[in-house]
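Data first, discussion second: the structure below is written as C-alpha cells.
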Amino acid sequence: MGLTETSIHNKLSERLKPIHLDVINESNMHNVPKGSETHFKVIIVSDLFNGKSLLQRHRMVNELLAEELSGSVHALSIQAKTSQQWEDSNHHITKSPPCLGGSGK
Amino acid sequence: FMNQNLQNKIKNLIQENDVVLFMKGTPEMPMCGFSAAVVNILNILEVKFIGINILEDEELRQGIKEYSDWPTIPQLYVNKEFIGGCDIVQEMYKSGELQELFSSK
C-alpha cells in the first residue's frame, strides 16, 4: 500500500467511522507512470451520511482529503452510502469508466 | 484569490448557459473516461449543453476548482447550480433524480 493510499484510509477511517471502507488505487487504469497514486476510488459506508445529500457527502470526503487532492491525487471516485443503502444495494460497487488518455502529461 | 477576469469568465459561462460541463476534451472527443461518462448521460437524456475543455486553458482548470470548491474534473452546472462530478451525475441518473432535474427546468 502506498503512502497516499494509507493516508486516505486513515483519515477516512478516523473521521467518518465507516462500517465499510475500500480505498482502491486505480492509477494503473490510467495514462500515468507505474506506481502512481493519482487516481483513487473510495467506497465508504457510514451513518454519518444519514440525511445528507450526495453533494454534501462528497464534500465531506473531499474536505478530509484536501491535502491529497492538492497533491498527487487528481481523480477521486467516491461511493458514499449509509448502512441502509449499502444493505439495500447488496454491497454493489459501480465500476469506474475506462481511461480515454487524459491530458497525456 | 483568483483574479477578477477569470472569476467573471466563469460566472458568465455558468449564467449564460443552462447546462455547462467543465470537462477534459470536448463532447465530441472526451479525453477522460469520467468526463465521457457524463457526456454520455447528457446525450442519452438529449440535454442541450456546452462543454468547456479545461485542457485548453490551464488558468480556467485551476480557477473552476476554486470557484466550485471542488477538486476534480468533470463538473456539471445546471441552471447556475453546481450539481457535482461523474459519480453524482451517474447516481442521480440511476435514481431518476437527474431526469427530474432536467424536466423541471
With each label point set 7 Å from Cα along the Cα-Cβ vector, what nm distance links A:Ser13 and B:Lys11?
4.5
Proxy reagent accessibility, fewest Cβ within 10 Å first, across A:Glu87, A:Glu26, B:Glu28:
B:Glu28, A:Glu87, A:Glu26
Out-of-range pairs (alpha-carbon distance over 27 Å; input A:Lys17/A:Lys95; A:Lys17/B:Lys80; A:Lys81/B:Lys9; A:Lys95/B:Lys65; A:Lys52/B:Lys48; A:Lys52/B:Lys80)
A:Lys17/B:Lys80; A:Lys81/B:Lys9; A:Lys52/B:Lys48
Please find, in a Gaussian network model of chain B (springs between Cα atoms separated by less than 10 Å), the residue of B:Ile54, B:Ile64, B:Ile44 whose mean-square fluctuation is greatest.
B:Ile44
Sticking with the crude label model, points 7 Å out along Cα→Cβ, report the distance from B:Asp57 to B:Asn3 in nm, one decimal please.
1.4
By the mean-Cβ-within-10 Å protection proxy, highest first, B:33-43, A:15-25 rank as B:33-43, A:15-25
Footprinting exposure proxy for B:Met92, B:Met23 (fewest neighbouring C-beta atoms within 10 Å first)
B:Met92, B:Met23
Given only helices, namely DSSP H runs of n ≥ 4 each adding -39500 (n - 2.57), what is the per-residue ellipticity at 222 nm of chain B, to the nearest 500 deg cm²/dmol?
-15000 deg cm²/dmol
Would you work out the charge dipole size for chain A about its Cα centre, treating the Cβ of every Lys and Arg as +1 and the Cβ of every Asp and Glu as -1, and quote it to the nearest 20 debye?
200
Quick one: angle between helix B:58-68 and the longest Cα principal axis of chain B, in degrees between 0 and 90, rounded to 10, please.
60
Positive-pole candidate from A:Ile19, A:Leu64, A:Thr6, dipole of chain A, charges at beta carbon
A:Leu64
Test item: A:91-103 mean partner chain Cβ contacts at 10 Å
5
Treating only the Cβ of Lys, Arg, Asp and Glu as charged (+1, +1, -1, -1), what charge dipole size does the range B:1-80 show about its Cα centre? Round to the nearest 20 debye.
120
Helix B:86-95 versus the longest principal axis of chain B: what is the Cα-based angle in degrees, 0 to 90, to the nearest 10?
20
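Every read-out reported here was derived from the displayed coordinates using simple, explicitly stated rules and does not represent laboratory data. Nothing here was measured: the structure is a model prediction, and the numbers come from that model. Ideal geometry is used to build each Cβ from the backbone, glycine not excepted, and the neighbour counts take in all protein chains shown.
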